[in-house]
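One structure is given below, encoded as structure tokens.
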């Protein structure tokens, strides 16, 4: 038997008619659709289940209602018990930095409201967490946002993350524009260190270089933004990174802002309507961001960049 047909029959039998069932069902459905599907159920069984006018369950209908009523009649109760019960698990993915520096306090606050909450935490970058969400392996991800969310996903923008170039404190460069000018003139000795090219940050930076006819290939590719600063500090080159409000500059490095490149957006992404636990997490994350977010990267004086074509790149008004 078609389970949806049985659900429709349950509501018709419970409320005493098709029109009454349509008015009281928890989701919208038209009367002709209900009538048609119940006719299919009766045809499949080869028996009449109820009299339409006046409404009356026939013997076969009484037997079927007694069978389906314990299941469909307790759905709401079971749903609420599962949502508020002690077995609730929240599956969260985020970059390593967020899991280490920001989410512990956020999740601790959520657990104060839901003491028996079980957590599953996974580290991942944008393409990876999007795949996990599509396969419904996650409840929520903290990740970079790009364009519109895929169908069925919701997002909450949290903060903007400016792109920077990491250099050692001893570096001769004081502005990102000096590095780009050297790359345009093909006399930049330092290699570029970046995360995997499929990620949003290196893709945006690559587009940025292409519009300026600058070639500066990645020579050291790593899997996490945190590793970029590690290899810059150890003398492997200049790193592409993001600055996060509330997070100190890595020891031994300086951040040179790419002030004419639009910042990236960090946000929360999830599926479906938030339940009480998810809503508590979203509210707590937003409150945390409001506390730590400030001026991301202060503007600095920077000379214009001259790419190989001879065009001058203005780093922006007032910069």
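The values are calculated or read from the model by the stated rules, or taken from the named source; none is laboratory data. The shown structure was predicted, so the numbers you read here are calculated from the model rather than taken from an experiment. Every residue, glycine as well, gets a Cβ built from its backbone with ideal geometry; the counts of neighbours run over all protein chains shown.
Residue pairs whose Cβ atoms lie under 7 Å apart, separated by 6 or more positions or on different chains, with the first residue in segment 45-61 and in contact (Cβ under 8 Å) with a residue 12 or more places away in the chain and the second surrounded by fewer than 13 Cβ atoms within 10 Å (Cβ to Cβ) and part of a strand (DSSP E or B), are 50/56.
May I ask you to list the residues in segment 108-135 that are loosely packed, with under 15 Cβ neighbours inside 10 Å, in contact with a strand residue (DSSP E or B) (Cβ under 7 Å, 6 or more places away or on another chain) and closer than 27 Å to residue 223 by Cβ? Correct list: 119, 120, 121.
Among the residues of segment 251-271, the one identified as more than 25 Å from residue 181 (Cβ to Cβ) and assigned to a loop (DSSP other than H, G, I, E, B) is 251. Kindly indicate the residue of segment 205-231 that is over 29 Å from the mean Cα position of the chain (by Cα) and in contact (Cβ under 8 Å) with a residue 60 or more places away in the chain and also farthest from residue 163 (Cα to Cα) among those meeting that condition. Only one residue tops the list, namely 213. Filtering segment 81-112 to residues that are more than 30 Å from residue 204 (Cβ to Cβ) and modelled with pLDDT under 90 leaves 81, 82, 83, 84, 85, 86, 87, 88, 89, 90. Note on segment 195-219: residues that are over 18 Å from residue 144 (Cβ atoms) and surrounded by fewer than 16 Cβ atoms within 10 Å (Cβ to Cβ) amount to 6. Per the conditions (1) farther than 17 Å from residue 173 by Cα; (2) surrounded by 13 or more Cβ atoms within 10 Å (Cβ to Cβ); (3) at pLDDT 75 or above; (4) out of contact with any strand residue (DSSP E or B) (no Cβ under 7 Å at 6 or more places or on another chain), the sole criterion not satisfied by residue 308 is (3). Only one entry in 144, 153 is buried (at least 19 other Cβ atoms within 10 Å of the Cβ) and in contact (Cβ under 8 Å) with a residue 40 or more places away in the chain, namely 144.
What about residue 34, is it in contact (Cβ under 8 Å) with a residue 60 or more places away in the chain, in a helix (DSSP H, G or I) and out of contact with any strand residue (DSSP E or B) (no Cβ under 9 Å at 6 or more places or on another chain)? No; evaluated as a whole, the condition is false for this residue. For the structure I just gave you, tell me whether residue 240 is modelled with pLDDT of 95 or more, under 27 Å from the mean Cα position of the chain (by Cα) and buried (at least 18 other Cβ atoms within 10 Å of the Cβ). In short, yes.
Against the condition crowded, with 20+ Cβ neighbours inside 10 Å, over 24 Å from residue 128 (Cβ atoms), touching a helix residue (DSSP H, G or I) at 6+ places or on another chain (Cβ under 6 Å) and outside the structural domain of residue 273 (by TED's automatic domain parsing), how does residue 256 come out, does it pass? Yes.
Table: residues versus (1) closer than 17 Å to residue 69 by Cα; (2) surrounded by fewer than 16 Cβ atoms within 10 Å (Cβ to Cβ); (3) not assigned by TED's automatic domain parsing to the domain that holds residue 57.
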position	(1), (2), (3)
10	yes, no, no
13	yes, no, no
16	yes, yes, no
23	no, yes, no
26	yes, yes, no
30	no, yes, no
34	no, no, no
40	no, yes, no
43	no, yes, no
